[in-house]
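Trainee: The structure that follows is given in the form of structure tokens.
The values are calculated or read from the model by the stated rules, or taken from the named source; none is laboratory data. This structure is a prediction, so every number in the text was calculated from the model and none was measured. In this analysis, Cβ positions are derived from the backbone assuming ideal geometry, glycine residues included, and neighbour counts consider all displayed protein chains. These area figures cover heavy atoms from the full protein model, side chains too; ligands, DNA and RNA do not enter into them. Shrake-Rupley method; radii C 1.70, N 1.55, O 1.52, S 1.80 Å.
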Amino acid sequence: DIASSSMKDAINAVCMAGIMRGDGKTFRPTATITKVEFMAAMLNMIGESPITNNTTTRQTATYNKALTLELVSNADLATFDRILTRYEAALLLYKLYIKNRFIASLNNNDITHNIISSVQQDDMTAS
């Protein structure tokens with residue numbers, strides 16, 4: 001279903017990288033995406049996706065992994081199978097972005113430039 005799509009190469013690259021996949025027969029490039037599908041793609045992108053073959057189990061496993069990574073909350077479970085809004089997509093991407101910036105900052109001296117630190121400068125240099 002992507003043969004005539006102008007985005008065929010990008011879709012193939014995303015699928016080959018394991019970030020997204022179709023339903024086994026088609027990709028449905030013009031279809032909407034649910035919160036769980038978007039979250040699965042985000043988790044796949046960072047190498048955190050649980051691997052299952054059953055749709056319900058994959059949905060539950062994706063939610064649990066996202067909850068563990070603090071990308072969603074318990075309240076999100078009620079809407080996890082609904083169509084994703086642009087706001088929700090932006091919020092999920094922002095949470096992942098902040099989390100990755102924080103983790104990247106833990107092992108260098110730039111932490112004060114990337115996030116707000118609650119540790120005084122003198123405490124950071126003391127041994």
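Trainee: How far, in nm, would the chain grow between Met45 and Glu70 when pulled straight, counting 0.36 nm per residue and subtracting the alpha carbon separation? Please list the in-between numbers first.
Mentor: Numbers: separation 25, 0.36 × 25 = 9.00 nm, distance 1.62 nm.
Between Met45 and Glu70, full extension yields an extra 7.4 nm.
Trainee: Residue separation times 0.36 nm, minus the C-alpha to C-alpha distance between Thr30 and Ser4: what's the value? Write out the running numbers ahead of the final one.
Mentor: Working: separation 26, 0.36 × 26 = 9.36 nm, distance 1.23 nm.
Gain on extension, Thr30 to Ser4, equals 8.1 nm.
Trainee: Round to the nearest 0.05 the FRET efficiency obtained for Arg86 and Met20 when R0 = 22 Å and r is the Cβ-Cβ distance. Don't skip to the answer; put the middle values down first.
Mentor: On the way: r = 18 Å, r/R0 = 0.82.
Calculated transfer efficiency: 0.75.
Trainee: Something else now. Taking only protein heavy atoms and a 1.4 Å probe, what accessible area per residue, in Å², does the range 4-54 have with all protein chains in place? If you can, show how the numbers build up before the last one.
Mentor: Values: 3430 Å² over 51 residues.
Heavy-atom SASA per residue in the range 4-54 reads 67 Å².
Trainee: State the three equivalent ellipsoid semi-axes of the range 44-93, derived from the C-alpha gyration tensor as the square roots of 5 times its eigenvalues, in descending order and whole Å. Don't jump to the answer; show the numbers that get you there.
Mentor: Values: eigenvalues 62, 35, 24 Å².
Largest first, the range 44-93 gives 18, 13, 11 Å.
Trainee: Starting from 0.36 nm per residue, how many nanometres of slack lie between Asn12 and Thr52 once their C-alpha separation is accounted for? Show your work: numbers first, answer last.
Mentor: Values: separation 40, 0.36 × 40 = 14.40 nm, distance 2.16 nm.
Extra length from Asn12 to Thr52 when fully extended: 12.2 nm.
Trainee: Can you work out the Karplus-derived ³J(HN,Hα) for every residue in the range 72-85? Use 6.51 cos²θ - 1.76 cosθ + 1.60 with θ = phi - 60°, whole Hz, and x for glycine or proline.
Mentor: Result, rounded to whole Hz: 9, 10, 4, 5, 5, 4, 5, 10, 5, 9, 8, 4, 7, 8.
Trainee: Output the Kirkwood hydrodynamic radius of the range 5-79, Cα pairs only, in Å rounded to one decimal.
Mentor: Here the Kirkwood hydrodynamic radius works out to 13.1 Å.
Trainee: Give me the percent of the accessible area of the range 35-100 that comes from carbon and sulfur atoms, probe 1.4 Å, all protein chains in place. Mind showing how you got there, number by number?
Mentor: Working: 2300 of 4120 Å².
Taking all protein chains in place, the range 35-100 shows 56 percent carbon and sulfur surface.
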